[in-house]
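The values are calculated or read from the model by the stated rules, or taken from the named source; none is laboratory data. Nothing here was measured: the structure is a model prediction, and the numbers come from that model. Quick reminder, even Gly has a Cβ in these numbers, built from the backbone with ideal geometry, and neighbours come from all protein chains shown. Heads up: the accessible areas ignore ligands, DNA and RNA and are worked out on the full protein's heavy atoms, side chains in. Shrake-Rupley method; radii C 1.70, N 1.55, O 1.52, S 1.80 Å.
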Amino acid sequence: MRSIALFGGTFNPVHYGHLHFARACLERFLFEELWLIPACIPPHKVAEDLASERDRLEMLRLGISGESRMRVSDVEYRLGGKSYTIYTLEQLSREEPDGEFTLLIGSDMLLSFDRWFRWEEILQRARLLAAARMERDLPLLQKKRDSFGSLAERVTIAEIPVLPLSSTEIREAIRAGKDCRPLLPDTVADYIREKGLYRKKEVFYAFILTNH
């Protein structure tokens, strides 16, 4: 069996917070590979200013360039519609029958996990690795895990430091014309600039006029 970590999200755009978390999980748990999976349509939140599927996929590919154990999967794009995790796992099990999957999630997601669509089946198909931001969060997360009964053994909770970055705040900063290079890989920042992503039209037009 191949040990594969699955890290899903809108990645709108991918930033250093995402990549720091992915690298930390790879280093600590020694997965053979980590797959980043951009959502087609997020089922539980409004996707404002959502870049196109092609743009988000390309930004991810640029962002992980040089990461030998990371790859980008377009499985949720191929499935189409709302990106429910159980459908993703069912498809990946067909495509990678020798894969042993672990879902990487944040602490807030673990606290609401038993409200996910067909959550018991998710835990039957994959393990969970939930990241606690601080040690003080561990008791609450452990209590939540224990509430899953016999499936609790499928959940691992680990303290993994995170970078407090937000894609929403990055998009807002881009719209305001601020420099976001400290928050993004240069290749991703260049792609956003070249494509004019997340900018108000008047900001983008001003950028064109001042750079030609």
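Is it fair to say Ile157 is of a type outside the set (Ser, Thr, Tyr), surrounded by 15 or more Cβ atoms within 10 Å (Cβ to Cβ), under 18 Å from the mean Cα position of the chain (by Cα) and outside any helix (DSSP H, G or I)?
Considered against the rule, which asks whether it is of a type outside the set (Ser, Thr, Tyr), surrounded by 15 or more Cβ atoms within 10 Å (Cβ to Cβ), under 18 Å from the mean Cα position of the chain (by Cα) and outside any helix (DSSP H, G or I), Ile157 comes out as yes.
Determine whether Ala173 is of a type in the set (A, V, I, L, M, F, W, C), on the phi < 0 side of the Ramachandran plot and without any contact (Cβ under 8 Å) to a residue 24 or more places away in the chain.
In short, yes.
Residues being closer than 14 Å to Leu123 by Cβ and either part of a loop (DSSP other than H, G, I, E, B) or open to solvent by less than 10 Å² (accessible area, probe 1.4 Å) (or both): count how many of those fall in the range 89-103.
Adding up the residues that qualify gives 2.
Being open to solvent by less than 50 Å² (accessible area, probe 1.4 Å) and among the aliphatic types (A, V, I, L, M) is the filter here, so list the residues in the range 160-174 that pass it.
Initially, the range 160-174 is screened for residues open to solvent by less than 50 Å² (accessible area, probe 1.4 Å), giving 160, 166-167, 170-171, 173-174.
Matches in the range 160-174: Ile160, Ile170, Ala173, Ile174.
Give the residues of the range 56-74 that are more than 14 Å from the chain's Cα centre (by Cα) and either surrounded by fewer than 18 Cβ atoms within 10 Å (Cβ to Cβ) or part of a loop (DSSP other than H, G, I, E, B) (or both), sorted by residue number.
Glu58, Ser65, Gly66, Glu67, Ser68, Arg69
When the residues of the range 119-136 are filtered to those that are open to solvent by 20 Å² or more (accessible area, probe 1.4 Å) and either within 18 Å of the chain's Cα centre (by Cα) or hydroxyl-bearing (Ser, Thr, Tyr) (or both), which remaining residue is farthest from Leu30 (Cα to Cα)?
This residue is Arg133.
List pairs: first residue in the range 90-116 and of a type in the set (S, T, N, Q), second residue exposed (fewer than 13 other Cβ atoms within 10 Å of the Cβ) and modelled with pLDDT of 95 or more anywhere in the structure, Cβ distance under 7 angstrom, at least six positions apart or on different chains.
Correct list of pairs: empty, since none qualify.
Can you tell which of Ile4, Ile41 is surrounded by fewer than 16 Cβ atoms within 10 Å (Cβ to Cβ) and β-branched (Val, Ile, Thr)?
Sole residue among the options that is surrounded by fewer than 16 Cβ atoms within 10 Å (Cβ to Cβ) and β-branched (Val, Ile, Thr): Ile41.
Go through the range 10-42 residue by residue and tally those that are assigned to a strand (DSSP E or B) and modelled with pLDDT under 95.
Looking only at that region, the number is 1.
Could you grab me the full set of residues in the range 175-192 that are modelled with pLDDT of 95 or more and surrounded by 12 or more Cβ atoms within 10 Å (Cβ to Cβ)?
If the condition is that a residue be modelled with pLDDT of 95 or more and surrounded by 12 or more Cβ atoms within 10 Å (Cβ to Cβ), then Leu183, Leu184, Pro185, Thr187, Val188, Ala189, Asp190, Tyr191, Ile192 are the ones that fit.
Each row is one residue, and each column tells you yes or no for (1) at pLDDT 95 or above; (2) in contact with a Lys or Arg (Cβ under 9 Å, 6 or more places away or on another chain).
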position: Ser107; (1), (2): no, yes
position: Arg118; (1), (2): yes, no
position: Leu129; (1), (2): yes, no
position: Glu135; (1), (2): no, no
position: Gln142; (1), (2): yes, no
position: Ser147; (1), (2): yes, no
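Does the range 106-118 contain at least one residue that is outside any loop (DSSP other than H, G, I, E, B), open to solvent by less than 30 Å² (accessible area, probe 1.4 Å) and within 17 Å of Leu151 (Cα to Cα)?
Within the range 106-118 (the criterion being outside any loop (DSSP other than H, G, I, E, B), open to solvent by less than 30 Å² (accessible area, probe 1.4 Å) and within 17 Å of Leu151 (Cα to Cα)), the answer is yes, since at least one residue qualifies.
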